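Contents: one structure, followed by commentary.
Nothing in this text is a laboratory measurement; each read-out follows from the coordinates by a stated rule. Treat the numbers as computed from the prediction; the structure is a model and nothing was measured. FYI the Cβ positions are ideal-geometry reconstructions off the backbone, even for glycines, and counts take in every protein chain you see.
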Amino acid sequence: MDNWTTTLVAGGLVALIVITLIKTAKVVPQRQASVVERQGKYSRTLDAGFHLLIPFIERVAYRHNLKEIALDVTSQMCITKDNIAVEIDGVLYMQVLDAKAASYGIEDYRYASIQLAQTTLRSEIGKLELDRTFEEREQINAFRDR
């Protein structure tokens, strides 16, 4: 073999080793979780720290931020108990507690959470008379702790 072929083979071998090392070593930052799939199936959830994966067989499929986030609940019309229409909006605070369920349990957990919050808000406002809606704000906010 000539010099050029040897250099090309050595370069390819070095590139393969570097790619294998990159696919093997994973560092998960604090307050994050990574979901690992082995050949397309759920394998495990990685918490913060250094982890080794089997290259080309295992891969990180999903990454989730475990910090609490605030989502805007768009304004909507609600009907009170005394049949008066009011426009209500809100903020939804949520946090991913189970990375596997957030990855495989539902297509878009943020959208579903907002829709559930809107439905619950309409239901709670429907139980109140207009005069009591501001008084009951604290009780409605108690849904945050459930």
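Using the Cα centre as the reference, give the magnitude of the dipole from point charges on the C-beta atoms of segment 69-145 (Lys, Arg: +1; Asp, Glu: -1; all else neutral), rounded to the nearest 20 debye.
Dipole of segment 69-145, to the nearest 20 debye: 220 debye.
At a Cα cut-off below 19 Å, give the aspartates and glutamates reachable from LYS81, other chains included and same-chain residues fewer than 8 away excluded.
Here the aspartates and glutamates satisfying the reach criterion relative to LYS81 are ASP89, GLU124, GLU129, ASP131, GLU135, GLU136, GLU138.
Which one of ALA102, TYR42, LEU71 has its Cα pushed farthest toward the positive end of the charge dipole of the chain, where Lys and Arg give +1 and Asp and Glu give -1 at the Cβ?
With unit charges placed on the Cβ atoms, the residue in question is TYR42.
So what is the calculated 222 nm ellipticity per residue for the chain, using -39500 (n - 2.57) for each DSSP H run with n of 4 or more, over all residues, to the nearest 500 deg cm²/dmol?
Numbers: 4 runs with 51 residues, N = 146.
Taken over the chain, the calculation gives -11000 deg cm²/dmol.
With contacts defined as alpha carbon pairs under 8 Å and 6 or more residues apart, what's the relative contact order of the chain in percent?
For the chain, the relative contact order is 18 percent.
As a footprinting exposure proxy, order VAL28, VAL9 by other Cβ within 10 Å, with the fewest listed first. If you can, show how the numbers build up before the last one.
Details: VAL28 17, VAL9 11.
Ordered from fewest to most neighbouring Cβ atoms within 10 Å, VAL28, VAL9 come out as VAL9, VAL28.
Among the aspartates and glutamates, select those whose C-alpha is under 16 Å from the C-alpha of LYS23, and discard any that sit fewer than 8 residues away in the same chain.
List returned: GLU37, GLU58.
P(r) of segment 3-65 in 10 Å steps, Cα pairs, percent per bin?
21, 40, 21, 13, 5, 0
Can you pull out the chymotrypsin sites (Phe, Trp or Tyr not before Pro) in segment 55-117 that DSSP calls coil and that have at most 15 other Cβ atoms within 10 Å?
Passing both the DSSP loop test and the Cβ count: PHE56.
Can you find, among VAL14, VAL91, THR24, the residue farthest towards the positive end of the dipole of the chain? Put +1 on the C-beta of Lys and Arg, -1 on that of Asp and Glu.
Farthest towards the positive pole: VAL14.
Please give the charge dipole size of the chain, origin at the Cα centre, charges +1 on K and R Cβ atoms and -1 on D and E Cβ atoms. Round to the nearest 20 debye.
Rounded to the nearest 20 debye, it is 800 debye.
Just flag the GluC sites (Glu not before Pro) in segment 1-101 sitting in loop per DSSP whose Cβ has no more than 11 other Cβ atoms within 10 Å.
Within segment 1-101, the qualifying GluC sites (Glu not before Pro) (loop, at most 11 other Cβ atoms within 10 Å) are GLU68.
Short version: ³J(HN,Hα) in whole Hz for each residue of segment 124-138, in order, from phi by Karplus 6.51 cos²θ - 1.76 cosθ + 1.60 (θ = phi - 60°), x for Gly and Pro, what are they?
Whole-Hz 3J(HN,Hα) from phi for segment 124-138: 5, 5, x, 8, 10, 7, 4, 4, 8, 4, 6, 5, 8, 4, 5.
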